[in-house]
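Chemist: Mind looking over this structure? Questions follow.
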Amino acid sequence: MELLAVFLPLFAFLIAGLFGKKIGDRMSQCVTCSALVVAAFASILLFFDVVGGHGYTTVLSPWISSGEFSAFWALRIDQLSVVMICVVNIISACVHIYSIGYMSHDPCKARFMAYLSFFTFVMLMLVTADNLLQLFFGWEGVGLASYLLIGFWNNRDSANSAAIKAFVVNRVGDLGLVLGIMLLFVIFGSIEFDIIFNNAQLHSQTMFTFFGYDLHALTVVCLLLFVGAVGKSAQLGLHTWLPDAMEGPTPVSALIHAATMVTAGVFLVARFSPVFEYAPIALMVVTVFGALTAFMAATIAMTQFDIKRVIAYSTMSQLGYMFFALGVSAYGAAMFHLVTHAFFKSLLFLGAGSVIHAMSDEQDMRKMGGIYKKIPVTYALMLIGSLALAGIFPFAGYFSKDIILEAVWADHTWFGDFAFLIGIIVAFMTAFYSWRLLLMTFHGEPRMSKDVMSRVRESSSVILAPLFILAAGAVFVGFVFYNMFVGHHSIWHETIIVLQENDTITAAHNAPFWIKRLPLLMGGFGIVTAYVFYFWIPSLPAKFSSAFKWIYMLFFNKWFFDEIYNRLIVRGVYCLGNIFWRSGDQNIIDRFGPDGSVKVSRKFAGMLSRFQSGYIYQYAFMMIVAVIGIVSWVIFRVGQGF
């Protein structure tokens, strides 16, 4: 079953990628969609099989063998991996079907479907990895696939720049991951997960010397792994690629930036919970970073007008929730929110795509409004997604967000209290910007031209059908899987290791009533505030932004991270590159290398060309000189007696 769930996307990629032009767009879409639907059903069956039993490892083939070192290509099928397999395949299947309608006017449908399937396969390789090498293969494969998908419309300079930016920024985080993998091999002498996890406690006090400093080995390892997670999951500092990645087609945003790629960092930390548990400083750093990311992204989302960018920053904020849950050892709660978030955020992204499709590719919410009667189905589906995102009962986000906040409260550390305070504030802001998006997009007076308004139509059934599946997940996944993920008898068994003193999820169940209801109260307050600002008193946002201009400009300009990076890093790199290019490459390497040899060759060829004048007497003269030269050489050699 696991072979179907993992390798059907690879099969679809090869068929659509290699033979797409021969079999045509329609057949490419049929092959890729059929493969992903079957893979999704296989992953669901696999989920219930593993949850009801025990995990196992399927060894496929030897991979690398060098001396005493060997690595196998294997699939690690346990509770953590099957959850991710289900999320990846179900969301990807919905996105594949949705893309048939959304990309109907694109001339490169087969290539797009191939890229989607390729991304799905490498993501599955990442989550089923049984060793660090295979995990790194999937990690880098996801980076490559995201580059191809973000820059799919390669005739646009903005899309090309966004793809390059995503690729380069992620390489910064990947450097940390590579160093972490190397250090793990140095400490444990193996890249196999079982060996690393089983011996983590033995190395809980291991130190190593670096530049004269004695450092706790597992803390350094976990911090390096977290750097990789920061890049892939767009956390504070390495987040700048995420909003620009909205230049890709909307199905890409739903697949990569809501459900799969950006959650790879969360999965990585959860997978290495047996190591993180013995690195309390690293857990503290994860908590603080997650809280700061959640707050900063929420402040930016409240001021953006591009409908996809609002949802993108919302994704970044919700990832912050997952990370500060990981930081207080509530790994199950983080994975629970990962699953619920995958459904309602994919629903919102694809719903936004339906709006954009209806609005003739318009993404600016200031040019929308009053269209809920025109596209009532899309409106209802996005309302469901927004209710789940805001954490309103009984939608999925209510259950997963609440258990996270209860867990950080139950941690009773300074950073846990800090994360709880930030999480409560962000719960208000999340509800506010969610309803700001709904009210600006669907309600109020129309702010577009009459021509555009007259062409607003509900999307086709092939676009809407996947949204109903995701909406069902946004409604039911929370209360159906609550006990399975964060209950007293959760599914994780030996997959996630939590030390007894760090068991915040168990403590969270005993949280007082006000702690359990405060997030819901803040969500409701955020919705009411959004109605005040954008429905009842629509002049209030302009007055508010004018009164608090500096704060508004800080949030609107994304805390000036891009400008700061451009001034401190990008400009310096460009100057350094110019120096190496002009002084090193042009003036030294090219001058004395290829350019120099070409110059000498040209001069020599010019000298020889003088003898090619076309005059017979000159050719006769050269022949005579040659004959005299040859005769002289023969006489000289004879005189020397050979």
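Chemist: Under the 0.36 nm per residue contour assumption, what length would be gained going from the current alpha-carbon distance of K450 and A465 to full extension?
Modeler: Working: separation 15, 0.36 × 15 = 5.40 nm, distance 2.90 nm.
Between K450 and A465, full extension yields 2.5 nm more.
Chemist: Given Cα pairs under 8 Å that are at least 6 residues apart, what percent is the relative contact order of the chain?
Modeler: Values: 1039 pairs, mean separation 76.7, N = 642.
Computed over the chain, the figure is 12 percent.
Chemist: Working from Cα positions, state the angle (0 to 90°, nearest 10) between the long axis of helix 513-531 and the longest principal axis of the chain.
Modeler: That helix lies at roughly 70 degrees to the long axis.
Chemist: Can you tell me the accessible area per residue over the stretch 257-388, all protein chains present, probe 1.4 angstrom, in square angstrom? It would help to have the intermediate numbers written out before the result.
Modeler: Working: 2190 Å² over 132 residues.
Normalised by residue count, the accessible surface of the stretch 257-388 is 17 Å².
Chemist: Going through the stretch 334-392, which trypsin sites (Lys or Arg not before Pro) have at most 15 other Cβ atoms within 10 Å and a DSSP loop state?
Modeler: Working: sites: K345, R366, K367, K373, K374; in loops: K373, K374.
Taking the stretch 334-392 and a limit of 15 other Cβ atoms within 10 Å, the loop trypsin sites (Lys or Arg not before Pro) found are K373.
Chemist: How large is ³J(HN,Hα) for each residue in the stretch 23-40, as worked out from phi by the Karplus curve 6.51 cos²θ - 1.76 cosθ + 1.60 (θ = phi - 60°), to whole Hz, x for Gly and Pro?
Modeler: 8, x, 5, 4, 5, 4, 5, 5, 5, 5, 5, 4, 4, 6, 5, 5, 4, 5
Chemist: Another question, if that's okay. Relative contact order for the stretch 179-255: what percent, with Cα pairs under 8 Å and sequence separation of 6 or more? Don't skip to the answer; put the middle values down first.
Modeler: On the way: 50 pairs, mean separation 15.7, N = 77.
Relative contact order comes out at 20 percent.
Chemist: Rounded, prolate or oblate: which fits the chain when a ≥ b ≥ c are the square roots of the eigenvalues of the alpha-carbon gyration tensor, with rounded for a/c under 1.5 and prolate only if a/b beats b/c? Present the calculation step by step, with values, prior to reporting the outcome.
Modeler: Working: a/c = 1.98, a/b = 1.56, b/c = 1.27.
Prolate.
Chemist: Turning to a different aspect of this structure: Over the stretch 362-492, what is the mean sequence separation of C-alpha contacts under 8 Å (at least six apart), divided by residue count, expressed as relative contact order in percent? If you can, show how the numbers build up before the last one.
Modeler: Values: 136 pairs, mean separation 55.8, N = 131.
Relative CO of the stretch 362-492 lands at 43 percent.
Chemist: With every protein chain left in place, what is the accessible area per residue of the stretch 491-595 in square angstrom, probe 1.4 Å?
Modeler: On the way: 7460 Å² over 105 residues.
Roughly 71 Å² per residue, with all protein chains present.
Chemist: Which of the three applies to the stretch 4-120, rounded, prolate or oblate, going by the alpha-carbon gyration tensor with a ≥ b ≥ c and a/c under 1.5 meaning rounded? Mind showing how you got there, number by number?
Modeler: Numbers: a/c = 3.15, a/b = 1.55, b/c = 2.04.
Verdict is oblate for the stretch 4-120.
Chemist: On a 0 to 90 degree scale, rounded to 10, what angle separates helix 331-358 from the longest Cα axis of the chain?
Modeler: 80 degrees
Chemist: Hey, another quick one. Output the peptides 58-65, 328-335 sorted from most to least packed, where packing is the average of other Cβ atoms within 10 Å over each peptide's residues. Numbers along the way, then the final one.
Modeler: On the way: 58-65: 11.4, 328-335: 30.0.
Peptide ranking by packing, descending: 328-335, 58-65.
Chemist: Can I ask one more? From the helices alone, meaning DSSP H stretches of at least four residues, give me the mean residue ellipticity at 222 nm for the chain, per-run term -39500 (n - 2.57), in deg cm²/dmol to the nearest 500.
Modeler: -23000 deg cm²/dmol
Chemist: While we're looking at this one, here's another question. Starting with the highest mean, order 484-492, 114-122, 279-287 by the number of other Cβ atoms within 10 Å, averaged over the residues of each peptide. Don't skip to the end; give the middle numbers.
Modeler: Numbers: 484-492: 18.4, 114-122: 26.4, 279-287: 21.4.
Most protected by this proxy first, the peptides run 114-122, 279-287, 484-492.
Chemist: Here is a follow-up. Could you compute the net charge surrounding K165? Neighbours are other residues with a C-beta less than 15 Å from the C-beta of K165; K and R count +1, D and E count -1. The partial results should precede the final answer.
Modeler: Working: positive: R156, R171, K232, R309, K558; negative: D157, D174, D244, E247, D562, E563.
Net local charge, K165 excluded: -1.
Chemist: A further question on this structure: Among residues other than G523 whose Cβ falls under 12 Å from its Cβ, what is the net charge (Lys/Arg +1, Asp/Glu -1)?
Modeler: Numbers: positive: K401, R517; negative: D402.
Here the count lands on +1.
Chemist: What is the magnitude of the charge dipole of the stretch 13-136 about its Cα centre, with +1 placed on the Cβ of each Lys and Arg, -1 on the Cβ of each Asp and Glu, and no other charges, expressed in debye to the nearest 20? Before the final figure, lay out each step's value.
Modeler: Values: 6 positive and 6 negative charges, 110 e Å.
Dipole size: approximately 520 debye.
Chemist: To the nearest 20 Debye, how big is the dipole of the chain about its Cα centre, given +1 on the beta carbon of each Lys and Arg and -1 on that of each Asp and Glu? Walk me through the numbers on the way to the answer.
Modeler: Numbers: 38 positive and 35 negative charges, 529 e Å.
Using only the charged Cβ atoms, the result is roughly 2540 debye.
Chemist: Please state the shape class of the stretch 177-231: rounded when a/c is under 1.5, otherwise prolate if a/b exceeds b/c and oblate if not, all from the C-alpha gyration tensor. Provide the component values of the computation, followed by the final result.
Modeler: On the way: a/c = 1.73, a/b = 1.05, b/c = 1.65.
Oblate, because a/c is 1.5 or more while a/b does not exceed b/c.
Chemist: Give the accessible surface of the stretch 407-484 per residue, rounded to a whole number of Å², with probe radius 1.4 Å and ligands, DNA and RNA excluded. Don't skip to the end; give the middle numbers.
Modeler: Details: 3280 Å² over 78 residues.
For the stretch 407-484, the per-residue accessible area is 42 Å².
Chemist: Taking R0 as 25 Å, what FRET efficiency do you get between C108 and R171 from their Cβ-Cβ distance, rounded to the nearest 0.05?
Modeler: Details: r = 27 Å, r/R0 = 1.07.
For R0 = 25 Å, the calculated efficiency reads 0.40.
Chemist: How much of the accessible area of the chain, probe 1.4 Å, is carbon plus sulfur, in whole percent? Display every interim value, and only then the final one.
Modeler: Numbers: 19110 of 27910 Å².
Answer for the chain: carbon and sulfur cover 68 percent of the accessible area.
Chemist: How much FRET efficiency would the formula 1/(1 + (r/R0)^6) give for S34 and V480, where r is the Cβ-Cβ distance and R0 is 25 Å, rounded to 0.05? Present the calculation step by step, with values, prior to reporting the outcome.
Modeler: Values: r = 27 Å, r/R0 = 1.09.
Computed FRET efficiency for S34 and V480 comes out at 0.35.
The values are calculated or read from the model by the stated rules, or taken from the named source; none is laboratory data. As the structure is a computational prediction, the values presented were derived from the model and not from experiment. We place every Cβ from the backbone using ideal geometry, glycine too, and count neighbours over all the protein chains shown. Heavy atoms of the whole protein, side chains included, go into the accessibility calculation; ligands, DNA and RNA do not. Shrake-Rupley method; radii C 1.70, N 1.55, O 1.52, S 1.80 Å.
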